[in-house]
Amino acid sequence: MLNLFHTQIENISLHRVGNKSKNEPIFLSSKPFSLTDEMAGLLKEYFFKPFREKEENYYRFSHEADIEFNEIFKLVAELFENPSDFHAISKKITSYLYEQSNHPHIKSGEVYVAHLTDAMLDNQKIDAIGIFKSELKHDFLQFRESDENLEILIRQGININKLDKGCIVFNTGKEEGFKVLSVDSNRYDAKYWLENFLGLEPLTDENFYTKNYLKFCQNFAKDVVLPAEDKQQEVLFMNRAVNHFAKNDAFEESSFLNEVMENPELIPEFKHYKVEKGPKYSIEDVSNFDIANKAVSDARKKMKNVIQLDTNIQIKMDFINPESAEKFVEKGWDEERQMYYYLVYFNKEQKS
């Protein structure tokens, strides 16, 4: 779990890269940027905000031949080992980004390379390197008094509420390619930042497998359980699945199926669905892994436990214990009306 609240910007260098294919220049600052306390506060919010709002999907540096051929991995590793060479290495990082900026869609922008201290990752204090890029410029108004009139000046600048591109490399797991978070707000150049520049691939840890397996279960519920049974059973299946993950430290697939799959006829369907759809979630050969509690909590928050009826009525089944749904909610068929119904038991109405 990540906490950047106490993280400080120890050093920062600013540069600018243009689009190389359009013969736009690169500008490398001669010395690091001197931060004031006010500027540090603004930049920390600008850099860190998207990482607080986004799921913690971790990556690692990789290369098809050997990780030592990944240019950013080498430069970041050098920076961690020799922080006194920070500015010179920041120039190399920016120059490499410029070399990758050779597609007509890629926009010019400012590059910020920062040495970060006191980041908290999995309850451990750790150093990190941040690489950020601002691209999109926005119009804003400035006002100036001139004699007896107030004038409007149109300027262009960066919206500090939205970072265009960024990554944070944590100084842990170097042998596996470090632990990296990345954000990219713009979709017109999807491969440029993540693949061409950084050379990242998903970090297949317990968070990755927990999150992807639950996403797989959610799609199985929608594609198989719902057509075979009904919406109530789809919701109940996902409740049982998430609760199984929540109460166990490790996942074992056969135990999971025996506990969660109330209809045993769906177990072969589940296994067939995993063969067919598993590669999409990188779980086709995975049946045992440690469970990440944070990923389970995130999945529970996103679950839609709502039965939407064609009579403009919604039934929200928000159960910590999925057995409550079967105890207090019954589904039936009314012959006279030729309609399905839900019978809901309760003791008293709760105040909203």
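Please note which strands (runs of 3 or more DSSP E) are completely contained in the stretch 117-208 and include at least 2 residues that are over 19 Å from the mean Cα position of the chain (by Cα). Step through it out loud before you land on a result.
Values: elements: 124-134, 138-146, 149-157, 165-170, 179-184, 200-202.
Where strands (runs of 3 or more DSSP E) fall fully within the stretch 117-208 and carry at least 2 residues being over 19 Å from the mean Cα position of the chain (by Cα), they are 124-134, 138-146, 149-157.
Any idea which residue in the stretch 78-99 is nearest to Leu194 (Cα to Cα), counting only those that are surrounded by 17 or more Cβ atoms within 10 Å (Cβ to Cβ) and free of Cβ contacts under 8 Å to residues at least 40 places away in the same chain?
Ile93
Just wondering, is there one or more residues in the stretch 6-17 that are surrounded by fewer than 19 Cβ atoms within 10 Å (Cβ to Cβ) and within 25 Å of the chain's Cα centre (by Cα)?
yes
Go over the candidates Lys211, Lys277 one by one and state the one that is within 18 Å of Asp298 (Cβ to Cβ), in contact (Cβ under 8 Å) with a residue 12 or more places away in the chain, part of a helix (DSSP H, G or I) and of a type in the set (Lys, Arg).
Of Lys211, Lys277, the one residue that is within 18 Å of Asp298 (Cβ to Cβ), in contact (Cβ under 8 Å) with a residue 12 or more places away in the chain, part of a helix (DSSP H, G or I) and of a type in the set (Lys, Arg) is Lys211.
Could you list, in sequence order, all residues of the stretch 30-43 that are in contact (Cβ under 8 Å) with a residue 40 or more places away in the chain and not aliphatic (A, V, I, L, M)?
Quick first cut of the stretch 30-43, residues in contact (Cβ under 8 Å) with a residue 40 or more places away in the chain only: 31-32, 42-43.
Those that are in contact (Cβ under 8 Å) with a residue 40 or more places away in the chain and not aliphatic (A, V, I, L, M): Lys31, Pro32.
When you go through Leu75, Leu141 one by one, which is the residue that is more than 20 Å from Ser34 (Cβ to Cβ) and at pLDDT below 95?
Working: Leu75 fails: at pLDDT below 95.
Checking each option against the conditions leaves just Leu141.
Can Asn102 be described as open to solvent by 70 Å² or more (accessible area, probe 1.4 Å) and at positive phi? I'd like the intermediate steps shown before the answer.
Numbers: open to solvent by 70 Å² or more (accessible area, probe 1.4 Å): yes; at positive phi: no.
No.
Anything in the stretch 42-70 that is closer than 29 Å to Thr210 by Cα, under 21 Å from the mean Cα position of the chain (by Cα) and assigned to a helix (DSSP H, G or I)? List them, or say none. Spell out how you get there, then give the answer.
Initial filter on the stretch 42-70 (closer than 29 Å to Thr210 by Cα): 47-67, 70.
With the extra rule that they be under 21 Å from the mean Cα position of the chain (by Cα), the set shrinks to 47-62.
If the condition is that a residue be closer than 29 Å to Thr210 by Cα, under 21 Å from the mean Cα position of the chain (by Cα) and assigned to a helix (DSSP H, G or I), then Phe47, Phe48, Lys49, Pro50, Phe51, Arg52, Glu53 are the ones that fit.
Give the residue that is nearest to Thr7 (Cα to Cα), with candidates limited to residues of the stretch 126-150 that are open to solvent by 30 Å² or more (accessible area, probe 1.4 Å), among the charged types (D, E, K, R) and touching a residue at least 12 places away in the same chain (Cβ under 8 Å).
Result: Asp127.
Residue check, Leu153 against (1) under 27 Å from Lys54 (Cβ atoms); (2) open to solvent by less than 40 Å² (accessible area, probe 1.4 Å), all met but one. Which one?
With respect to (1) under 27 Å from Lys54 (Cβ atoms); (2) open to solvent by less than 40 Å² (accessible area, probe 1.4 Å), Leu153 is out only on (1).
Looking at (1) closer than 23 Å to Asn207 by Cβ; (2) open to solvent by less than 20 Å² (accessible area, probe 1.4 Å); (3) touching a residue at least 24 places away in the same chain (Cβ under 8 Å); (4) in contact with a helix residue (DSSP H, G or I) (Cβ under 6 Å, 6 or more places away or on another chain), which one does Leu236 not meet, given that it meets all the others?
Here Leu236 meets the rest and fails (1).
A quick yes/no check of all residues on (1) out of contact with any Pro (no Cβ under 8 Å at 6 or more places or on another chain); (2) among the charged types (D, E, K, R); (3) open to solvent by 20 Å² or more (accessible area, probe 1.4 Å):
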site	(1), (2), (3)
Glu201	yes, yes, yes
Glu206	yes, yes, yes
His244	yes, no, no
Val275	yes, no, yes
Gly278	yes, no, no
Asp298	yes, yes, yes
Lys301	yes, yes, yes
Gln308	yes, no, yes
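Inspect the stretch 47-56 for any residue being over 17 Å from Gly130 (Cβ atoms), at pLDDT below 95 and open to solvent by less than 80 Å² (accessible area, probe 1.4 Å) and give the result as yes or no. Break it down into steps so the answer makes sense when it comes.
So the first thing to find is which residues in the stretch 47-56 are over 17 Å from Gly130 (Cβ atoms), and the list is 55.
Pick out the ones that are also at pLDDT below 95 and you get 55.
From the residues that got through so far, the ones that are open to solvent by less than 80 Å² (accessible area, probe 1.4 Å) too are 55.
Yes: one or more hits.
The values are calculated or read from the model by the stated rules, or taken from the named source; none is laboratory data. What you see is a predicted model; the values in this text were computed from it and never measured. Note that each Cβ is placed from the backbone with ideal geometry, even for glycine, and that neighbours are counted across all protein chains shown. Each accessible area value is taken on the protein alone, full model and side chains, heavy atoms only, with ligands, DNA and RNA left out. Shrake-Rupley method; radii C 1.70, N 1.55, O 1.52, S 1.80 Å.
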